[in-house]
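> First the structure, then my questions, so here it is.
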Amino acid sequence: MTVTEWESLLDRTSFIELDARERAKALLDEGTADELCGPFDRIESPWLEPQGVVPQADDGVVVVKGLLDGRRVVVIGIEQAFQGGGIGEVSGAKIAAALSLAARDSRAGTPTAAVLLLETGGVRLQEANLGLATVAEVCAAVLELRALQPVVGVIAGALGCFGGVSIAAGLCTTLIMTAESRLGLDGPEVIESEAGIAEFDASDHPLIWSIDGGTQRVRTGLADALVLDDVTALRSAVAGAVRQGVPAEHRSRRIGELRARLEAVDPAHPPAPSELAAVWGRPAQSEGDQG
Amino acid sequence: MARTKVATRDWTRRRTAKRDRLERVRPFVSGRVLDAGRMGAALEALLRPGDRVALEGDNQKQADFLAEALAGCDPQAVHDLHLLISSISLKEHLDVFERGVARRLDFAYAGPQSVRMAQLLADGKVEVGAIHTYVELYARMFVDLIPNVALLCAEQADRDGNLFTGPGTEDTPTIAEAVAFSDGVTVVQVNEIVDEVPRVDIPGDWVDLIVRSPRPFALEPLFTRDPRHIGQVEILMAMMTLRGIYERHGVTTLNHGIGYDTAAIELLLPTYGEELGLRGKICRHWALNPHPTLIPAIESGWVESVHCFGGEPGTERYVAARPDVFFTGRDGSLRSNRVLCQLAGQYAVDLFIGSSLQIDGSANSSTVTEGRLSGFGGAPNMGHDPHGRRHPSAAWLSLLTGQAPALRGRKLVAQITQTFRSGGDPAFVETLDAVPVGKDASMPIPPIMIYGDDVSHVVTEEGVAYLYKASSLAERREAVAAVAGATAIGQEIDERRVGELRRDGLVALPEDLKVDVRRAKRSLLAARSVEDLVAWSGGLYDPPARFRTW
């Protein structure tokens, strides 16, 4: 990045510094936010306390309905400060239900798009199978809604989006990332502990970001927009994605293209991360693509 | 009779020994340059059993190639060495003892190796002379611990042995001086041998032998703190420190210890400090390493000067671009010097503030915890009231002490900590772990880092205790208890008594300092991530890879 871009960082209001509730509200038009199933409804996970974890009254997921540039949206935010954004039975059900309700409203003549704020390590270990089952429901609900209205994913922070939830991210109509954010199925520590440090060194930050980082994901077309971690910039990127509506064909349906990509890579001699965009026939985008 | 004896004494034994040693390594040397491939054999030729060897293990840079070669020496040939190491950082520093190459050790700090250090001591593999503070250990190299050989490290050497250390000069000139002028032998590992060094940090005639290390020496970014990990409690404590100590006493010259607590203070200067109108009134002159978290304060005009103990990886270009603030050489890069900066931190600054791991009821503090023999490093040099100080300053005089005519000011020594550390361990304890650890290690006195009677202020999330105002030990204990929160120490005092201490000015809570607790948020930090620090530096700061999240 150039010097002037670094300086512009200082004039921004960081999006990821806000908690999930503030983030959801920051995206919506002033005075239109209406939280569903909030902390005072006290719908919390029954599985944490027996395992010595203090539960949270919203189970770490915030659902807020409102208007974005006058269009109806539901923002679903995962709070990364609670259990590393891990999804459990209740929080997963909240996400799936909110998406399904948006689909029902859309079918009933009130088009409602969804925005997913995906700061999560994936399924919460304490709720293993229940969490996995609920992630399947989330994916099904994304598929249900995206046929009717756009589902916009945002990954803004260095924690990133991993595990089962990364599959939901892959299903989004549009995926927006920052340079600090990461996206991957298995997190670096998981790969290192399963396959050894020679396969993936989880302490090597440049390596991790060269593969999972927002810049690389956008460059290789696995995410759509690279935006500065700034409330105004992210809000305008999300609003733009909602405005674009439903595409003719979602990325996850372009099976032929994805298969060709897999075939272009020889696992025995994988390309360097910097070469991947070229191997996949996408010209590398310039570094200045910072929104 | 006596006269005859005196006349026969040889006054040049050290010089003769040096000539002899250099003669023995001649097969391994061309000019002054040793053959790196035969370093072990060269050391076996150079060293004699029982030699006192200063091995450069600094707080940051490490003569790792020489340490490795020493650890690999044949214990039949080289044994019973007495090592002087200021900071035991590498595995090889202790391998030397395990293999029987060395037996005796004098050191200052063993942070990264503190567990193994305690184990070797328990196993009788190492005899510890003493655990020092940094300046103490260097000082003894000129008095009763003069080394026979020094194993040092530098960035570059020319063929005449002139050394360029780069920004991390640290301890090298001091050790080199102790050895070069006592007819010892100095051996220096360098990353590169060049025709001309960019600047001379140590003149060639202090240097006997150089060797080109197959890889650059190890250097740790010890002083980099990622602002992402600074939370609301650190911010609250930083706000109270700024109002209750820096503003109240008018602190213009200071040193900060390492940690998120002090990093938070650095990052509040351009925001909260600016709001309070304190720029130019506090924090103008520093004895401090180039902390990346100080960049925003420097850029917004708070900082007039910084003298450094050592460098910090990633800050090279930034420091070189700010020569009015940092000490730099003719080549443009930072010149640091640990012993001089320690002296500055001892005599020339009005305030030292550092984090502690444990504080007892009398405010004695220690970073020694069970099973670890971590040593002292430099904190006690700065964390005490030096009775050799004579120059006055407003801050120093604001803690006036003594009976007329023997009045004197006092150094501000502040300890900052949350009442409970992460993991739920109380920071305030009845008995410091240092007491049993000292006993187990057969130390004559417990290894206390900072003595309670030197501590002038304690800051916690509860408030500030002004211990210098206490008129008795009992009152000091009460003031500590008043800010010790829900720990056992904190429960020793009742509310009514806390009220009296507040009225008498021994304790201040946030409201007494006009600190609005609700404002203690991360948005108050001038930089909230390493990217922000890079931005503040105008792209001049190059954070080490491990701190990059992009």
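Only the coordinates and a few stated rules stand behind these numbers; no lab work does. Since we're looking at a predicted model, the values are computed, not measured. A quick note on method: Cβ atoms are made from the backbone with ideal geometry, for glycine too, and the neighbour counts reach across all protein chains shown.
> For the stretch A:52-129, how big is Rg over Rh, using alpha carbon atoms and the Kirkwood form of Rh?
With Rg and the Kirkwood Rh in hand, the quotient comes to 1.04.
> A further question follows. Between B:Arg15 and B:Val115, what's the calculated FRET efficiency when r is the beta-carbon distance and R0 is 51 Å? Round to 0.05.
Numbers: r = 42 Å, r/R0 = 0.83.
So, using R0 = 51 Å, E works out to roughly 0.75.
> Using the number of other C-beta atoms within 10 angstrom as an exposure proxy, rank B:Cys283, A:Cys139 with the fewest first.
Values: B:Cys283 25, A:Cys139 19.
Sorted ascending by nearby Cβ count, the order is A:Cys139, B:Cys283.
> List the DSSP H helices in chain A whose Cα atoms stretch 18 Å or more along the helix axis and whose mean Kyte-Doolittle hydropathy is at least -1.0. Before the final figure, lay out each step's value.
Details: long enough: A:89-107 (27 Å, 0.23); A:128-146 (27 Å, 1.22); A:231-244 (20 Å, 0.66).
TM-like helix candidates: A:89-107, A:128-146, A:231-244.
> Within 10 Å of each Cβ in B:541-548, how many Cβ atoms from other chains are there, averaged over the peptide? Don't skip to the answer; put the middle values down first.
Working: counts 1, 0, 1, 1, 7, 4, 1, 7.
That works out to 3 on average.
> Suppose a student asked you for the relative contact order of chain A, using Cα pairs under 8 Å spaced at least 6 residues apart; what percent would you report?
The value is 15 percent.
> What does the structure give for B:525-535 when I average, per residue, the other chain Cβ atoms found within 10 Å of the residue Cβ? Each step should come with its number before you reach the end.
Numbers: counts 1, 1, 2, 5, 8, 2, 10, 5, 2, 5, 10.
Partner Cβ neighbours, averaged per residue: 5.
> Fewest to most neighbouring Cβ within 10 Å: what's the order for B:Ser30, B:Ser114, B:Ser422, B:Ser89?
B:Ser422, B:Ser30, B:Ser114, B:Ser89
> Just the Kirkwood number for the stretch B:297-357, please: inverse of mean 1/r across all distinct Cα pairs, in Å, one decimal. Write out the running numbers ahead of the final one.
Working: mean 1/r = 0.0781 Å⁻¹.
Computed over Cα pairs of the stretch B:297-357, the Kirkwood hydrodynamic radius comes out at 12.8 Å.
> Helix-only mean residue ellipticity at 222 nm, chain B, DSSP H runs n ≥ 4 weighted -39,500 (n - 2.57), per residue, nearest 500. What is it?
Working: 19 runs with 145 residues, N = 550.
Rounded to the nearest 500, it is -7000 deg cm²/dmol.
> Under the 0.36 nm per residue contour assumption, what length would be gained going from the current alpha-carbon distance of B:Ala406 and B:His229 to full extension? Mind dumping the intermediate values first?
Numbers: separation 177, 0.36 × 177 = 63.72 nm, distance 4.61 nm.
So the extension gain works out to 59.1 nm.
> Give the calculated FRET efficiency between B:Gln76 and B:Lys125 to the nearest 0.05, with a Förster radius of 22 Å applied to their Cβ-Cβ distance.
On the way: r = 18 Å, r/R0 = 0.80.
My answer for the efficiency is 0.80.
> How would the stretch A:1-136 be classified by its alpha-carbon gyration tensor: rounded, prolate or oblate, with rounded meaning a/c under 1.5 and the a/b versus b/c comparison settling the rest? Walk me through the numbers on the way to the answer.
Values: a/c = 2.01, a/b = 1.20, b/c = 1.67.
Since a/c reaches 1.5 but b/c is at least a/b, the shape of the stretch A:1-136 is classed as oblate.
> Here's another thing I want to ask about it. Using C-alpha positions alone, give me the convex hull volume of chain A per residue in cubic angstrom. Walk me through the intermediate numbers first.
Numbers: hull volume 40.8 nm³, N = 291.
Considering the Cα atoms of chain A, their hull volume per residue is 140 Å³.
> Over the C-alpha atoms of the protein assembly as shown, what are the Rg and the largest Cα-to-Cα span, Dmax, in Å?
My reading of the Cα-based Rg and Dmax gives 30.7, 120 Å.
> Evaluate the Kirkwood expression for the hydrodynamic radius of the stretch B:227-530, namely the inverse of the mean inverse distance over all pairs of different C-alpha atoms, and round to one decimal in Å. Don't jump to the answer; show the numbers that get you there.
Working: mean 1/r = 0.0507 Å⁻¹.
Kirkwood radius, the stretch B:227-530: 19.7 Å.
> Restricting to the stretch A:3-255, compute how many DSSP beta bridges are antiparallel as a %, nearest 5. Don't skip to the answer; put the middle values down first.
On the way: 12 of 30 bridges.
Around 40 percent antiparallel, to the nearest 5.
> Rounded to the nearest 0.05, what FRET efficiency is calculated for A:Arg107 and A:Thr13 with R0 set to 35 Å and r the Cβ-Cβ distance? Can you show the working numbers first?
Working: r = 37 Å, r/R0 = 1.04.
That gives a FRET efficiency of 0.45.
> Oh, and also: Give me B:Ile146, B:Ile245 ranked fewest to most by other Cβ atoms within 10 Å of their Cβ, as a rough exposure proxy.
Working: B:Ile146 18, B:Ile245 26.
Taking fewest neighbouring Cβ atoms as first place, the list is B:Ile146, B:Ile245.
> Dividing the Cα convex hull volume of chain B by residue count, how many Å³ per residue is that?
Numbers: hull volume 97.4 nm³, N = 550.
Residue-normalised Cα hull volume stands at 177 Å³.
> Given labels modelled 7 Å from the Cα in the Cβ direction, how far is it in nm from B:Arg38 to A:Arg42?
A separation of 8.2 nm, rounded to one decimal place.
> Given H placed 1.01 Å from N in the peptide plane, which residues other than close sequence neighbours of B:Val507 have an amide H under 5 Å from its amide H?
For B:Val507, whose amide H was placed from the backbone, the distant partners under 5 Å are B:Tyr466, B:Arg502.
> Something else: Compute the distance in nm between two label points, each set 7 Å from the Cα along the Cα-to-Cβ direction, one at B:Lys439 and one at A:Ala198.
5.0 nm
> Next up: Residues in the stretch A:163-206 near a label at A:Leu143, defined as backbone nitrogen under 18 Å from the 7 Å Cα→Cβ point?
A:164-174
> I want to check the label-to-label distance for A:Ser210 and A:Ala133. Put each point 7 Å from Cα in the C-beta direction and report it in nm to one decimal.
4.3 nm
> Return a whole-number percent for the relative contact order of chain B, with Cα pairs under 8 Å and 6 or more residues apart as the contact set.
About 13 percent, as a whole number.
> How much length would be gained if the chain were fully extended between B:Tyr451 and B:Phe181, taking 0.36 nm per residue of separation minus their Cα-Cα distance, in nm to one decimal? Please list the in-between numbers first.
Working: separation 270, 0.36 × 270 = 97.20 nm, distance 3.57 nm.
That pair, B:Tyr451 and B:Phe181, stretches by 93.6 nm at full extension.
> Oh, and also: Express the relative contact order of the stretch B:227-530 as a whole percentage, based on alpha carbon pairs under 8 Å and six or more residues apart in sequence. Please list the in-between numbers first.
Numbers: 613 pairs, mean separation 63.9, N = 304.
Relative CO of the stretch B:227-530 lands at 21 percent.
> Moving on. Taking each pair of different alpha-carbon atoms in the stretch A:145-291 once, compute 1/r for the pair, average those values, and report the inverse of that mean as the Kirkwood hydrodynamic radius in Å to one decimal.
Numbers: mean 1/r = 0.0622 Å⁻¹.
Every distinct Cα pair counted, the radius reaches 16.1 Å.
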